[in-house]
Amino acid sequence: MSLDNFYIPKWLFGYFLFATTGVFTEIIFTAFFDNYFAVAEGGSFSWQLKGQSYVWMAFIYGPAYFLMNFFYPKVKGYHIILQLIFFAVSIFAVEYVTGFILDKLTGACPWEYHSQYAIHGYINLAYTPFWMLFGLFLVLLYNTSNRYKP
């Protein structure tokens, strides 16, 4: 049996590209962000750079591929500022809904924000600039996935 004709369907490639990249990005982000807070609170920087994510996140980041395929062609002609706002609002909506659902299904939301900018612990408005930048990153993933030819 030869694997020469084996390929991954485009939709599955896109799903796994978004899922793995999202989880990886989250691990990198939490490693540096946690260190930032540790140093800001008088602690020391840890070169272990321990980041974290949750298995649930693969099932949240993966479907972003389908959402990008649906929504991005509709907004890509708009000014970049409007696109950034769209990305942040969309990500907050997904984060809130999935956090709420996971909270009801499992008894806890895997991420739980505790700040003056948190809304019900599911989203943190202080992350707006990060979500805007992550939205731009999703455009890169979207463009990459659309170049994939099985």
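The values are calculated or read from the model by the stated rules, or taken from the named source; none is laboratory data. Computed from a predicted structure; not experimentally measured. As a convention, Cβ positions derive from the backbone with ideal geometry for all residues, glycine included, and neighbour counts pool all protein chains shown.
Does Ala58 satisfy being hydrophobic (A, V, I, L, M, F, W, C), in contact with a helix residue (DSSP H, G or I) (Cβ under 7 Å, 6 or more places away or on another chain) and within 18 Å of Leu17 (Cβ to Cβ)?
On the way: hydrophobic (A, V, I, L, M, F, W, C): yes; in contact with a helix residue (DSSP H, G or I) (Cβ under 7 Å, 6 or more places away or on another chain): yes; within 18 Å of Leu17 (Cβ to Cβ): yes.
In short, yes.
Taking region 48-126 and the helices (runs of 4 or more DSSP H) fully enclosed by it, the elements with 2 or more residues that are touching a residue at least 60 places away in the same chain (Cβ under 8 Å) and closer than 25 Å to Leu140 by Cα are at 64-75. Within region 105-125, the set of residues being in contact with a strand residue (DSSP E or B) (Cβ under 8 Å, 6 or more places away or on another chain) and surrounded by 12 or more Cβ atoms within 10 Å (Cβ to Cβ) comprises Tyr113, Ala118, Asn124, Leu125. For region 33-47, filtering for residues that are assigned to a helix (DSSP H, G or I) and either exposed (fewer than 13 other Cβ atoms within 10 Å of the Cβ) or modelled with pLDDT of 95 or more (or both) leaves 4. So, Ala31, is that one small (Gly, Ala, Ser) and closer than 16 Å to Phe137 by Cβ or not? The answer is no for Ala31.
Against the conditions (1) among the charged types (D, E, K, R); (2) surrounded by 13 or more Cβ atoms within 10 Å (Cβ to Cβ); (3) under 17 Å from Thr21 (Cα atoms), Arg147 satisfies every one except (2).
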